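Some notes on the structure that comes next.
The values are calculated or read from the model by the stated rules, or taken from the named source; none is laboratory data. Because the structure is predicted, anything quoted here is derived from the model rather than measured. Ideal geometry is used to build each Cβ from the backbone, glycine not excepted, and the neighbour counts take in all protein chains shown.
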Amino acid sequence: MPIPYQLTPSKTADIPQLAQFATQTLSIGRQHLALSQLADALKQRGADAVFGSQCLGTDGMLAACLATRISPDAAMLVGCSQTEDVAGSELLEPTLAHLLEQLSATGIRFVQACWDDSPDAPPFEKNGFQFIANLDYLAGTIENLQASSNDQSERLKAGTKASSTDPTPPESTSAIEAFDPDNAQDRLDIYKVVADTFEKTLDCPRLNHFRPPQTIVDAYLDSPAFEPAGWRIFRQGGKPIACLITTPYASANTLELTYMGAIPEVRGQGWGGKIIDEAIVIAKQFKLTELILAVDAKNQPAIDIYHRTGLTSIAKEAVWGCRLPQSLPI
């Protein structure tokens, strides 16, 4: 016999209870990350950036789903769960569908979800989420990391700032330039180089099916944590050939390497090492002691560079995504 229930959007006062219920089936580590993401969203964007759906029965909450907006067109699923008294996903599916309708109505076009690195399918798979990649999180203490490229070693020791006038090897016309978000050419260059680095990438290639490069860059620029001093454009002969996007978190004393990449034509020429070295320089400029990043577990060339630098694995998780149409019936 069907269980009677009512689906309702969450209110700000419901968030604490909803968060605990929606994340109750996650592992302890995954739940901690999810609740931390929720806390950051509330702090940086406010309650309007949090969306919830609850399935209520005669005896209380039967299922709950919670998401946070991470950019104008994207959201992160914090958690989704239903009571153990109900078999399968009888109540979870309509509850999550109700949440996705809310997100779509506000202009969200992509929803990302994370799950423990496990062969078991996540509960949200039946609502249209597709697997993107398994991620390996690596971290290291700045003072213990090693330069990957010789021409950067002195800058790494001093933590000096990159600029287009820094000395470069005679045989090269390469330069590392700071990014100026108010410079129209810099904006065009960062959009182009990120798009070019997506070509034949080994890092989460399935993401290309969900979000074009420009929307990803726009999301980084729109982030409350955006810090232009942590962005770099690498040039060769004046042409943008690689990029580095980092995000400093002073409260955690950590620099996140948010995105890095080189265009296909220069891969295998040591640029990966130069990019990670530049991230260490940036960490020193911000006086941060830790570096952290996530990499596709199948991207062995990048993982090899990170290991040579001294970064070590600290956690693993799977990333899933769902593309939303322009409008869903509510």
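Based on this model, can you work out whether V295 counts as among the β-branched types (V, I, T), in contact (Cβ under 8 Å) with a residue 24 or more places away in the chain, surrounded by 19 or more Cβ atoms within 10 Å (Cβ to Cβ) and outside any strand (DSSP E or B)? So V295 fails the test.
Suppose the filter is small (G, A, S), in contact with a strand residue (DSSP E or B) (Cβ under 9 Å, 6 or more places away or on another chain) and at pLDDT below 95; does A252 pass it? If you could, list the steps in order and put the result at the bottom.
Working: small (G, A, S): yes; in contact with a strand residue (DSSP E or B) (Cβ under 9 Å, 6 or more places away or on another chain): yes; at pLDDT below 95: yes.
Answer is yes for this residue.
Of everything in the stretch 222-240, what is among the aromatic types (F, W, Y) and in a loop (DSSP other than H, G, I, E, B)? Give them in sequence order. Can you show your working first?
Residues of the stretch 222-240 among the aromatic types (F, W, Y): 226, 231, 234.
Once the filter is applied, which keeps residues that are among the aromatic types (F, W, Y) and in a loop (DSSP other than H, G, I, E, B), the stretch 222-240 yields only F226.
Give the stretch 257-279 a look and list any residue that's within 18 Å of E143 (Cβ to Cβ) and free of Cβ contacts under 8 Å to residues at least 40 places away in the same chain, or say none. Answer for the stretch 257-279, where residues must be within 18 Å of E143 (Cβ to Cβ) and free of Cβ contacts under 8 Å to residues at least 40 places away in the same chain: L257, A279. Restricting attention to the stretch 7-35, the residues that are small (G, A, S) and surrounded by 19 or more Cβ atoms within 10 Å (Cβ to Cβ) add up to 4.
Taking residues in the stretch 5-30 that are under 18 Å from P122 (Cα atoms) and touching a residue at least 40 places away in the same chain (Cβ under 8 Å), and partners anywhere that are β-branched (V, I, T) and assigned to a loop (DSSP other than H, G, I, E, B), the pairs with Cβ atoms closer than 9 Å and at least 6 places apart or on different chains are F21/T83; R30/T23. Select from the stretch 189-221 the residues that are of a type outside the set (S, T, Y), over 13 Å from the mean Cα position of the chain (by Cα) and part of a loop (DSSP other than H, G, I, E, B) and list them in ascending order. Correct list: E199, K200, L202, F210, P212. Put simply, of A113, A162 the only residue that is crowded, with 20+ Cβ neighbours inside 10 Å, modelled with pLDDT under 85, at negative phi and touching a strand residue (DSSP E or B) at 6+ places or on another chain (Cβ under 8 Å) is A162.
Okay, residues lined up against (1) crowded, with 19+ Cβ neighbours inside 10 Å; (2) farther than 30 Å from D218 by Cβ; (3) in contact with a strand residue (DSSP E or B) (Cβ under 7 Å, 6 or more places away or on another chain):
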| residue | (1), (2), (3) |
| --- | --- |
| G57 | no, yes, no |
| L62 | yes, yes, yes |
| G79 | yes, no, yes |
| L99 | yes, no, yes |
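Listed by first and then second residue, the pairs with beta-carbon distance under 7 Å, at least 6 apart or on different chains, first residue in the stretch 220-238 and assigned by TED's automatic domain parsing to the domain that holds M76 and in contact (Cβ under 8 Å) with a residue 24 or more places away in the chain, second surrounded by 18 or more Cβ atoms within 10 Å (Cβ to Cβ) and among the acidic types (D, E), form an empty list.
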